[in-house]
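Report on the structure given below.
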Amino acid sequence: MKLLLKRIAKKSNYTIGKLYIDGKYLCDTLEDPDRGLTSDMSLEKIKEIKVWGETAIPTGTYKISMDVVSPTFKNRIWAKPYDGKVPRLLNVPGFEGVLIHVGNEPIDTNGCILVGKNTIVGALEYSIRSYDSLMRKLLRGKKEGITITIE
């Protein structure tokens, strides 16, 4: 299963994107500001540019694990149906614990990818609904392996 996140609005304090699964649009995304990081940059360069908790992850392709229970989110009502498991991006240079999860505003991102509908400038609505739709699809595709490409 292949996810594609196309960043379409790069603003000073947030980034809006469109998330596709196997070529079909699923929902919008909200991330921290895109500071131009790429996965082929040196770790030193990434660390030089990155602002902790306020930087979108580098563009590139990453594997997603569906077996991570988030200590932060495991008891949230939206994570309980999935036993607290949250999609986690693996081997993101200069970043640890990058998740795809529920949230509405840039302050909710902390380096992660939020899902929902971008009906408000710089924010998302319907995040839980979008997350449920995403999780149902990802759990079906788990056996074949899941990747996300961010561009």
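Laboratory data are not the source of any read-out in this text; all were calculated from the coordinates shown. Here the structure is a predicted model, which is why all the values come from computation and not from measurement. Don't worry about glycine lacking a Cβ; one is built from the backbone with ideal geometry, like all the others, and counts go over all protein chains shown.
State, to one decimal in nm, how far the label point of V121 lies from the label point of L139, with both points 7 Å from Cα in the Cβ direction.
3.9
So how far apart, in nm, are the two label points at K80 and K10 if each is 7 Å from Cα heading toward Cβ?
4.1
Once you sort the root eigenvalues of the Cα gyration tensor of region 45-100 as a ≥ b ≥ c, which label holds: rounded (a/c under 1.5), prolate (a/b larger than b/c) or oblate (the other case)?
Note, shape of region 45-100 comes out prolate.
Could you compute the FRET efficiency for L43 and T149, with r as their C-beta to C-beta distance and R0 at 25 Å, rounded to 0.05?
0.75
Positive end of the dipole of region 1-134, charges at C-beta (+1 Lys, Arg; -1 Asp, Glu), about the Cα centre: which of T59, M1, S39 has its Cα farthest in that direction?
M1
Hey, what do the phi angles of region 127-144 turn into as Karplus ³J(HN,Hα) couplings, whole Hz, using 6.51/-1.76/1.60 and θ = phi - 60°, x for Gly and Pro?
Karplus values, whole Hz, x for Gly and Pro: 5, 5, 4, 5, 4, 4, 4, 4, 4, 4, 5, 5, 5, 5, x, 4, 5, 7.
Over 32 Å between Cα atoms, which of K24/K47; K47/K80; K47/K137; K6/K80 qualify?
Over 32 Å apart, Cα to Cα: K24/K47; K47/K80; K47/K137.
Relative contact order for region 74-151: what is it in percent, counting Cα pairs under 8 Å that are at least 6 residues apart?
18
Hey, what do the phi angles of region 6-16 turn into as Karplus ³J(HN,Hα) couplings, whole Hz, using 6.51/-1.76/1.60 and θ = phi - 60°, x for Gly and Pro?
Here the 3J(HN,Hα) series is 9, 6, 10, 9, 9, 9, 5, 10, 6, 9, 9 Hz.
Among all the aspartates and glutamates, which ones have a C-alpha under 15 Å from K45's C-alpha, if same-chain residues fewer than 8 places away are not counted?
D34
When the Cα centres of region 1-46 and region 132-151 are compared, how far apart do they sit, in Å?
Cα centroid to Cα centroid, the span is 16 Å.
Return the single residue from Y131, Y25, Y14 with maximal mean-square fluctuation; model: Gaussian network over the chain, springs between Cα atoms under 10 Å.
Y25
If every alpha-carbon in the chain counts as one equal scatterer, what log10 I(q)/I(0) does Debye give at q = 0.10, 0.20, 0.21 1/Å?
Computed log10 I(q)/I(0) values: -0.30, -1.32, -1.46.
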